[in-house]
Amino acid sequence: QVQLVESGGGLVQPGESLRLSCTFSGSSFSLYLMGWYQQAPGKQRELVASIGTTGSLTYADSVKGRFAISRNSAKNMVFLQMDNLKPEDTAVYYCNARIGTISSWGQGTQVTVSS
């Protein structure tokens, strides 16, 4: 059974940076597709970025050039470096681990970008 715990959210001003972390508990971390999703109030949860088992990367158009996803297999962790944050990035960010049809979610971490 997989458990995911996110951390690193907070309140920042536009233009500032945050680094989100997700700790994966379970086995075979390297076999999972890992992703970060965002859910703003009243909106559906949407993919922000994902990193595959071979390191392949996917980003939402809205974050390309500003966000970077990475994974550390030695520590079973996934990171989301968020630079040049904008008010529209405000959302709860969720870590996701997927293998086949099995998908696991963390509890989410709030990111608020406001002046």
Report summary line: Counted residues in segment 88-106 being over 25 Å from GLU16 (Cβ atoms), open to solvent by 40 Å² or more (accessible area, probe 1.4 Å) and not polar (S, T, N, Q) come to 5
Query raised in the report: Hey, does segment 61-80 have a residue that's open to solvent by 70 Å² or more (accessible area, probe 1.4 Å), at pLDDT 95 or above and not in a loop (DSSP other than H, G, I, E, B)?
Result: yes
Query raised in the report: Among the residues of segment 92-102, which ones are polar (S, T, N, Q) and under 14 Å from the mean Cα position of the chain (by Cα)?
Result: ASN96
Query raised in the report: Inside segment 35-59, can you point out the residues that are more than 19 Å from GLY8 (Cβ to Cβ) and either hydrophobic (A, V, I, L, M, F, W, C) or touching a His at 6+ places or on another chain (Cβ under 9 Å) (or both)?
Result: LEU57
**Report entry** Residues (among the basic types (Lys, Arg) and either in contact with a His (Cβ under 8 Å, 6 or more places away or on another chain) or in a strand (DSSP E or B) (or both)) located in segment 84-104
**Finding:** ARG98
Report task. Could you please let me know if SER21 is of a type in the set (S, T, N, Q), open to solvent by less than 70 Å² (accessible area, probe 1.4 Å) and out of contact with any helix residue (DSSP H, G or I) (no Cβ under 6 Å at 6 or more places or on another chain)? Result -> yes
Report task. Kindly list, by first and then second residue, each pair from a residue in segment 43-63 that is of a type outside the set (Asp, Glu) to a residue that is in a helix (DSSP H, G or I), limited to pairs with Cβ atoms under 8 Å and residues at least 6 apart or on different chains. Result -> VAL48/VAL63; ALA49/VAL63; THR53/SER30; THR53/LEU31; SER62/GLU88; VAL63/ASP89
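The values are calculated or read from the model by the stated rules, or taken from the named source; none is laboratory data. Quantities reported herein were computed from a predicted structural model and do not represent experimental measurements. Positions of Cβ are backbone-derived with ideal geometry, glycine not excepted, and every protein chain shown enters the neighbour counts. When the accessible area is computed, the model is the full protein with side chains, heavy atoms only, and any ligands, DNA or RNA have been set aside. Shrake-Rupley method; radii C 1.70, N 1.55, O 1.52, S 1.80 Å.
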